[in-house]
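The values are calculated or read from the model by the stated rules, or taken from the named source; none is laboratory data. This is a predicted model, so every value here is computed, not measured. Note: ideal-geometry Cβ built from the backbone for every residue, glycine included; neighbour counts use all protein chains shown. These accessible areas exclude ligands, DNA and RNA; they are computed on the full protein's heavy atoms, side chains included. Shrake-Rupley method; radii C 1.70, N 1.55, O 1.52, S 1.80 Å.
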Amino acid sequence: MKVEQDILQQNDLLAARNRGWFEGRSILALNLVSSPGSGKTSLLERTITDLHDTLPMTVIEGDQQTLRDADRIAAAGAPVLQVNTGKGCHLDAGMIKRACEELQPPQGSVLMIENVGNLVCPALFDLGEAAKVVIISVTEGDDKPLKYPTMFAAADLCVINKIDLLPHVNFDVEACEAAARQVNPKLEFVRLAATTGEGMELWYRWLRQHSANTCGDKV
Ligand code: MG
Ligand code: ZN
């Protein structure tokens with residue numbers, strides 16, 4: 001386990017550097033984590049379409065292969081950089097450092113980092129973000145917070161997506177939130193449907209509040 005510890009320590013050093021870099025530029029960096037298929041990219045597409053006139057946003061897309069998600073984000077209107085991890089199952093702080101050198105997110109912007117769809121090791125690799133946003137969709141099991149407690153314990157906000165499908169699935173929103181609170185009493189929740197737009201205003205309020213705080217620290 002020595003090797004793993006060294007890798008995580010090295011990552012933490014780079015993450016701390018990234019965090020300082022973001023703070024120096026009043027950039028709100030968010031690490032979006034979830035299982036594959038929870039709707040991270042759809043959430044970002046809608047968010048960019050709705051907010052990019054008032055809130056500058058850039059995106060780093062993490063996937064093992066393809067440029068598909070980056071193409072969707074670019075079409076929505078935000079500067080984006082795709083990081084392909086190959087066989088790797090998470091983004092690390094070094095990848096974010098290199099991506100930022102290329103992407104050059106502007107002062108006072110929001111940097112959305114869409115991690116590789118995986119609820120396990122992205123919980124361990126700090127990227128230097130201000131907050132982790134964990135996304136769970138109602139097509140998954142409502143007991144996921146208990147199965148992947150490390151991720152839910154590390155998150156600041158939990159987005160429950162695809163609530164338009166609730167009549168068709170066996171997902172208990174209250175039970176899911178209770179399970180998540182069990183592992184993280186401070187976790188906040190937003191229920192929404194990125195495809196219909198229902199509930200998006202709550203997510204936007206959270207985003208605006210956090211981006212205002214980030215810029216407020218500087219001024
Ligand atoms: Mg995606
Ligand atoms: Zn991994």
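Candidates are the residues of the stretch 21-43 that are touching a helix residue (DSSP H, G or I) at 6+ places or on another chain (Cβ under 7 Å) and within 16 Å of ligand 1 (Cβ to nearest atom); the one that is nearest to P122 (Cα to Cα) is V33. Among the residues of the stretch 111-129, those identified as under 14 Å from D12 (Cα atoms) and either assigned to a loop (DSSP other than H, G, I, E, B) or of a type in the set (A, V, I, L, M) (or both) are A123, L124, F125, D126, L127, G128, E129.
Within the set R72, R98, R46, the sole residue that is more than 14 Å from ligand 1 (Cβ to nearest atom) and of a type in the set (K, R) turns out to be R98.
Which condition does R72 not pass, out of (1) open to solvent by 40 Å² or more (accessible area, probe 1.4 Å); (2) in contact with a helix residue (DSSP H, G or I) (Cβ under 8 Å, 6 or more places away or on another chain); (3) outside any helix (DSSP H, G or I), if it passes all the others? It is condition (3) that R72 fails. Among the residues of the stretch 126-141, those that are open to solvent by 20 Å² or more (accessible area, probe 1.4 Å) and either acidic (D, E) or near ligand 2 (Cβ under 10 Å from one of its atoms) (or both) comprise D126, E140. Of all the residues in the stretch 81-101, those that are closer than 20 Å to I27 by Cα and either within 12 Å of ligand 2 (Cβ to nearest atom) or open to solvent by less than 40 Å² (accessible area, probe 1.4 Å) (or both) number 11. Contact map, the stretch 165-176: residues that are at negative phi paired with residues that are assigned to a helix (DSSP H, G or I), Cβ distance under 7 Å, separation 6+ or inter-chain. Pairs shown: C176/P145. Given the criteria over 24 Å from N18 (Cα atoms) and either in a helix (DSSP H, G or I) or within 11 Å of ligand 1 (Cβ to nearest atom) (or both), does T66 qualify? Criteria met by T66.
Screening the candidates G108, G86 for the property of being more than 14 Å from ligand 1 (Cβ to nearest atom), under 25 Å from D6 (Cα atoms) and in a loop (DSSP other than H, G, I, E, B) yields one hit, G86.
In the stretch 191-205, the residues that are assigned to a loop (DSSP other than H, G, I, E, B) reach residues that are aromatic (F, W, Y) and modelled with pLDDT of 95 or more with C-beta atoms within less than 9 angstrom, at least six apart or across chains, in these pairs: L192/W203; A194/W203. Within the stretch 102-123, restricting attention to residues that are more than 12 Å from ligand 2 (Cβ to nearest atom) and either touching a Cys at 6+ places or on another chain (Cβ under 7 Å) or among the charged types (D, E, K, R) (or both), the residue that is most open to solvent (accessible area, probe 1.4 Å) is E102. For L51, the criteria (1) of a type outside the set (S, T, Y); (2) touching a residue at least 40 places away in the same chain (Cβ under 8 Å); (3) farther than 25 Å from I73 by Cα hold in every case but one, which is (3).
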